Amino acid sequence: MSSAIDPTCTGIDLERAAFNAAFYELGLRWHWDEETYDGLRALPGEREQVQRYLQTRQAHLLRAYDAAFLTDAILETKARCLLALANCHGHPARAGFDWTRWADPRWGEVGI
C-alpha cells in the first residue's frame with residue numbers, strides 16, 4: 001500500500017476506489033483491481049457490472065440475497081462513497097486511498 005502521489009490517477013480510479021470503499025462499508029471483503037474493473041467496464045452500466053460480478057465471482061451470495069437487493073445496496077453505498085471521496089481535500093486516490101486493500105483478510109466480513 002503506497003501513499004505516494006500517482007499523477008496518472010483518473011476519474012476511473014476514483015470510481016473504482018468508491019466501489020472498493022462501498023464493499024468495505026457493507027462488510028464485503030471484495031477488492032476490484034484494475035484488471036477486474038476494466039473487464040467489468042466493458043458492460044453497459046454499473047448495475048450490469050455489479051450483477052455480472054455477483055454472478056461470476058460471488059454466486060454463493062445469491063442463494064441468500066436477491067441480486068437486485070445486493071446491487072442496489074452496493075450502488076447506493078458506492079454513490080455515497082464517491083461523493084465523499086470527491087469532496088475530500090485533494091484527490092483521495094492520489095493520496096493513497098485507492099491503494100487501500102479494503103479486502104484485507106484482517107478485517108472480518110460481516111455482510112450486508
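The values are calculated or read from the model by the stated rules, or taken from the named source; none is laboratory data. Since the structure is predicted, the reported quantities are computational estimates derived from the model, not experimental observations. When we count neighbours, we look across all protein chains shown, and the Cβ atoms used for this are built from the backbone with ideal geometry, even at glycine.
Some points to look at:
- Residue match in segment 75-82 (condition: farther than 18 Å from residue 11 by Cβ, assigned to a helix (DSSP H, G or I) and among the aliphatic types (A, V, I, L, M)): no
- Residue match in segment 32-50 (condition: loosely packed, with under 13 Cβ neighbours inside 10 Å, hydroxyl-bearing (Ser, Thr, Tyr) and modelled with pLDDT of 95 or more): no
- A Cβ distance below 8 Å, combined with a sequence gap of six or more or placement on separate chains, defines the contacts here; from segment 43-62, residues that are closer than 14 Å to residue 20 by Cβ reach residues that are in a loop (DSSP other than H, G, I, E, B) and of a type in the set (A, V, I, L, M) in the pairs 49/43.
- For residue 58, the conditions (1) within 21 Å of residue 86 (Cβ to Cβ); (2) at pLDDT 95 or above; (3) in contact with a Phe, Trp or Tyr (Cβ under 8 Å, 6 or more places away or on another chain); (4) surrounded by fewer than 17 Cβ atoms within 10 Å (Cβ to Cβ) all hold with the exception of (1).
- Scanning segment 24-35 for residues that are touching a helix residue (DSSP H, G or I) at 6+ places or on another chain (Cβ under 7 Å) and touching a residue at least 60 places away in the same chain (Cβ under 8 Å) gives 26, 30, 31.
- Boolean, residue 38 is among the acidic types (Asp, Glu), assigned to a helix (DSSP H, G or I) and free of Cβ contacts under 8 Å to residues at least 12 places away in the same chain: yes
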